[in-house]
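See structure below.
Taken together, the values in this text are just the output of simple stated rules run on the coordinates, not laboratory data. Given the structure is predicted, the values throughout are model-derived calculations rather than measurements. Glycine also receives a Cβ, built like all others from the backbone with ideal geometry; neighbour counts cover every protein chain displayed.
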Amino acid sequence: MCPAAVKFSKEHKLNTMKFVLHDFHARPDGGRISGDIDVSDFSAPHVTMNVSANFDLGFVSKFLNLEHVHNVSGAAKVKIKFDDIIDLKNPHHAVSKLDEEYEMTVALDNVHFSSDRYPLPFKILNFYAEVRGHQAKFKLRNLLIGTSDISVAGTIDDLPAIIHHTDVPVDARLKITSKYLDLFELTGSNKSSIDEQIEDLSLDFDFKTSAQNITESKYLPQGDTPYS
């Protein structure tokens, strides 16, 4: 890991302080972290960060000591690019004015795990999420649970609005596909299970509502529809 540097100007004040950590590399057990971090003006920190991390999920699950998740394997990759001024009195506002200087991607590859709270193992999970400015996209591909498969893709056009429970209009889209769903197997394979099988499922949803309706609604959020 490269050494960090802390700099003061002649005034020796918080607003003249700067922290620099460039081209750093760390290799904790089960992963790698690298990137650059700059923090200036500690009275209202201006943070510039470009960080990448790769982790073995088996090691992460053991480190977190997850009680009900077992036999975890797979890889996670995270990239974060951030450039913003943090209000120390209201740090949660850091994402309220996101622009194209904020980017994050998360990728999960070939994840396998089982749980003592669910009888079927999760065989393969490929997941990718991307946040750029306000917009968030995600894809869940080839999730196999028993003999069933499912893929999900979606977008949210204003993620900060949802985080802050605002009344700003939000458009969220969701696409669900499956070649085969065995509801009997998925719901328990007993007398109370749903004895149905579905082939070639394809669903498309478009939700137009306010962020506050999504976060505050007890059931389905109230929204707009083009149909009469």
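Things worth noting here:
- Local electrostatic count, R173, Cβ distance below 9 Å [Lys/Arg +1, Asp/Glu -1]: -3
- Theoretical FRET efficiency, 1/(1+(r/R0)^6), r = Cβ-Cβ of F19 and L201, R0 45 Å, to 0.05: 0.30
- A cut-off under 13 angstrom between Cβ atoms defines the neighbours of N71, and their net charge, with Lys, Arg +1 and Asp, Glu -1, is +1.
- Within region 133-214, GluC sites (Glu not before Pro) in DSSP loop having at most 14 other beta-carbon neighbours inside 10 Å: E196
- Note that region 115-124 has calculated 3J(HN,Hα) couplings of 9, 6, 9, 9, x, 9, x, 8, 7, 9 Hz, one per residue in order, obtained from phi through the Karplus relation 6.51 cos²θ - 1.76 cosθ + 1.60 (θ = phi - 60°); glycine and proline are x.
- Leading residue at positive end of dipole, region 21-61 (Cβ point charges), from P28, V60, H46: V60
- Residues whose amide H falls under 5 Å from that of T187, counting only those 5 or more places apart or on a different chain, are I194, with hydrogens built in the peptide plane.
- Among residues other than D29 with Cβ under 14 Å from its Cβ, the summed charge is +2 (Lys and Arg +1, Asp and Glu -1).
- Less than 5 angstrom separates the built amide H of G146 from those of K123, all sequence-distant by 5 or more or on a different chain.
- HN-Hα J in Hz across region 163-173 - Karplus 6.51, -1.76, 1.60, θ = phi - 60°, x for Gly and Pro: 4, 9, 6, 7, 9, 5, x, 10, 10, 10, 10
- In region 132-221, a dipole from Cβ-located charges (positive for Lys and Arg, negative for Asp and Glu) runs towards its positive end, and of I156, S193, G133 it is G133 whose Cα lies farthest in that direction.
- The slack between H112 and I194, meaning 0.36 nm per residue of separation minus the straight C-alpha distance, is 26.9 nm.
- Approximating the spin labels as points 7 Å out from Cα along Cα→Cβ, the T147-to-V168 distance works out to 4.7 nm.
- Assuming charge only on the beta carbon of Lys and Arg (+1) and of Asp and Glu (-1), the dipole of region 98-211 about its Cα centre is about 340 debye to the nearest 20.
- Per-pair calculated FRET efficiency, R0 = 22 Å: Q135 and S217 via Cβ, rounded to 0.05: 0.50
- Measuring r between the beta carbons of K62 and N126 and using R0 = 35 Å, the FRET efficiency lands at 0.95.
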